[in-house]
Amino acid sequence: MQNKLKAILDQVTAEEELKEKTREFLKQKRSRASFLPLRVLPRLIPAAACLVLLIASGCWLYFVPTATISIDINPSLELELNRFDRVVGLTGYGDGEALAQTLSVTHLDYDTAMEQIMQSQQIADLLSQDAVMTVGVIGSDNAQTTRLLASVESHAAQQENTYCYQAHQDEVEHAHELGMSYGKYYALLELEALDADVTPEQVKDMTMGEIWEMKEHCENHTDQSESEQAECETESQHQSHGSHSGNHNGHE
């Protein structure tokens with residue numbers, strides 16, 4: 001009986017010693033685990049900060065627009081491109097608001113985005129009806145806008161009645177304040193140069209075909225006025241010459 005009791009007590013003691021050693025082992029492991037990051041942390045902070053800054057800078061650069069492609073036919077659409085020529089924004093004006101909601105071009109390269117827009121049912125139908133479309137590349141980086149214009153012109157070459165142009169951002173900076181796309185505003189500036197009485201309200205809801213007809217009318221009127229003015233000046237010179245000649249003969 002005593003031997004059995006002694007054996008049981010020895011077993012309990014052994015288990016307690018094992019538990020104590022296990023607790024001590026785990027305690028040391030936790031101590032080392034908590035100590036290691038504290039020692040390494042000061043060296044990791046600068047690297048982590050640089051990584052965060054790099055990611056933030058990359059995101060900022062990606063989402064900042066540096067150029068705009070204005071597609072105007074009524075509807076009007078504007079593609080905002082970043083420095084990597086990726087679409088980071090799409091805005092519709094007039095009838096273009098509804099069309100913009102049907103397009104998924106964000107983050108696409110501009111070539112793919114242009115193809116999707118040209119192939120959209122609404123634009124394709126209008127072009128098939130000989131509607132006039134202008135495609136402008138607007139921005140402050142001349143190298144980027146020149147490169148984009150060359151590509152845009154290759155797209156336009158496949159379409160009838162499609163015209164391309166390049167403009168600096170400063171030329172059209174007031175367009176959005178008037179609720180107009182850059183393309184419509186650029187057309188307004190050209191009309192104002194021919195007819196100072198043209199207003200944004202007149203142009204805002206016109207199709208590009210109507211704007212071009214108005215422009216041609218103003219140009220023809222200007223040419224006619226210049227021709228009439230030239231005829232008047234010529235006639236005046238003849239009259240003046242005849243008057244001088246008459247005075248001279250009378251003096252003799």
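Quick note: the coordinates plus some simple rules give every number you see, no bench work behind them. None of the values given here were measured: they were computed from a predicted structure. Reconstructed Cβ throughout: ideal geometry from the backbone, glycine too, with neighbour counts over all protein chains shown.
With a sphere of radius 14 Å drawn around the Cβ of H174, what net charge do the other residues whose Cβ falls strictly inside it have (Lys, Arg +1; Asp, Glu -1)? It works out to a net charge of -3. Using equal-weight Cα scatterers in the Debye expression, the normalised intensity of the range 126-209 in log10 at q = 0.11, 0.25 Å⁻¹ is -0.33, -1.24. Between D109 and E216, residue separation times 0.36 nm minus the direct Cα-Cα distance comes to 35.0 nm.
Between Q129 and T102, what FRET efficiency comes out of the Förster formula 1/(1 + (r/R0)^6) with R0 = 22 Å and r the beta carbon distance, rounded to 0.05? Kindly include the intermediate steps, with their values, before the conclusion.
Numbers: r = 20 Å, r/R0 = 0.89.
After rounding to 0.05, the efficiency reads 0.65.
Quick check on packing: order 159-166, 62-69 by the mean number of other C-beta atoms within 10 Å, highest mean leading.
On the way: 159-166: 16.4, 62-69: 17.9.
Output ranking for 159-166, 62-69: 62-69, 159-166.
The slack in the chain from S120 to E177, taken as 0.36 nm per residue of separation less the alpha-carbon distance, amounts to 17.7 nm.
Compute the distance from the alpha-carbon center of the range 153-221 to that of the range 79-137, in whole Å. Centre-to-centre distance over Cα atoms comes out at 18 Å.
If we sort 80-89, 184-193, 117-126 on the protection proxy, mean other Cβ atoms within 10 Å, highest first, what's the order? Present the calculation step by step, with values, prior to reporting the outcome.
On the way: 80-89: 17.3, 184-193: 20.0, 117-126: 15.3.
Listed from highest to lowest mean packing, they are 184-193, 80-89, 117-126.
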